[in-house]
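Accompanying notes for the structure given below.
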Amino acid sequence: MCIIIDLEDKKIKINESIVKFISCYKQLNRKDCEAGGILIGRENKETGNIIIEYATEPYDKDKRKRTSFYRKDKIHIEYYNRLYEDYNGIYAYIGEWHTHPENYPNYSSVDINSWKKIAKSNKDKEKKYYHLIVGIKEIRVWEYSYGSKYAERIY
């Protein structure tokens, strides 16, 4: 099942392969640690529609605990850079994904601070980022842009 989010000004499609891939990391057991990675996709410049086609997974240098995930491994960025180069720049960083050990996930203060840092580091202050949190029963998606106090849940 793919996820299609219909916003006022655009649609966002998360490919079925990505939904299946990140769902494999659900924290179903008490000892499962959070997992995460980056989301990579492309935007139709005419419509603004976005399709998310790639995601990274946790790597050795990432910090994983029961209730936290810190993306530390450079492989995430190397993977993105390889796609960017191989496809002549059509792919872009869309946002982040990670898991939470709760049925219906909500973002934490650590999450929003991380999202703020990501948005602040980009030169394009108008860019919106899309962040997925995989819960046990539901995947939720938030939109965040530079200068926002909160992220808006869109799915």
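Values as computed for the structure displayed
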quantity	calculated
Any pair with Cβ under 6 angstrom, 6 or more apart, that starts in the range 2-21 at a residue that is closer than 16 Å to Ile133 by Cα and ends at one that is aromatic (Phe, Trp, Tyr) and open to solvent by 50 Å² or more (accessible area, probe 1.4 Å)	Ile5/Tyr155
Counted residues, the range 1-24 - those being assigned to a loop (DSSP other than H, G, I, E, B) and either in contact with a Gly (Cβ under 7 Å, 6 or more places away or on another chain) or among the hydroxyl-bearing types (Ser, Thr, Tyr) (or both)	2
Qualifying strands (runs of 3 or more DSSP E) (wholly inside the range 48-155; at least 2 residues being surrounded by 14 or more Cβ atoms within 10 Å (Cβ to Cβ) and β-branched (Val, Ile, Thr))	50-55, 92-99, 128-134, 139-145
Tabulated pairs, the range 69-83, first within 15 Å of Glu57 (Cβ to Cβ) and of a type in the set (Lys, Arg), second open to solvent by 40 Å² or more (accessible area, probe 1.4 Å) and not in a loop (DSSP other than H, G, I, E, B), C-beta under 9 angstrom, 6+ apart or interchain	Arg71/Lys63; Arg71/Ser114; Lys72/Lys63
All positions within the range 1-41 that are open to solvent by 30 Å² or more (accessible area, probe 1.4 Å), closer than 16 Å to Pro101 by Cα and of a type outside the set (Lys, Arg)	Ser23, Cys24, Tyr25, Leu28, Asn29, Asp32, Cys33
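Residues checked against (1) under 16 Å from the mean Cα position of the chain (by Cα); (2) charged (D, E, K, R); (3) modelled with pLDDT under 95:
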position	(1), (2), (3)
Ile40	yes, no, no
Thr47	no, no, no
Asp62	yes, yes, no
Phe69	yes, no, no
Lys74	no, yes, no
Tyr79	yes, no, no
Tyr87	no, no, no
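The values are calculated or read from the model by the stated rules, or taken from the named source; none is laboratory data. The structure displayed is predicted, hence computed values, not measured ones. Backbone-built Cβ (ideal geometry, glycine too); neighbour counts: all protein chains shown. Quick note on the areas: whole protein, heavy atoms, side chains included, nothing else; ligands and nucleic acids left out. Shrake-Rupley method; radii C 1.70, N 1.55, O 1.52, S 1.80 Å.
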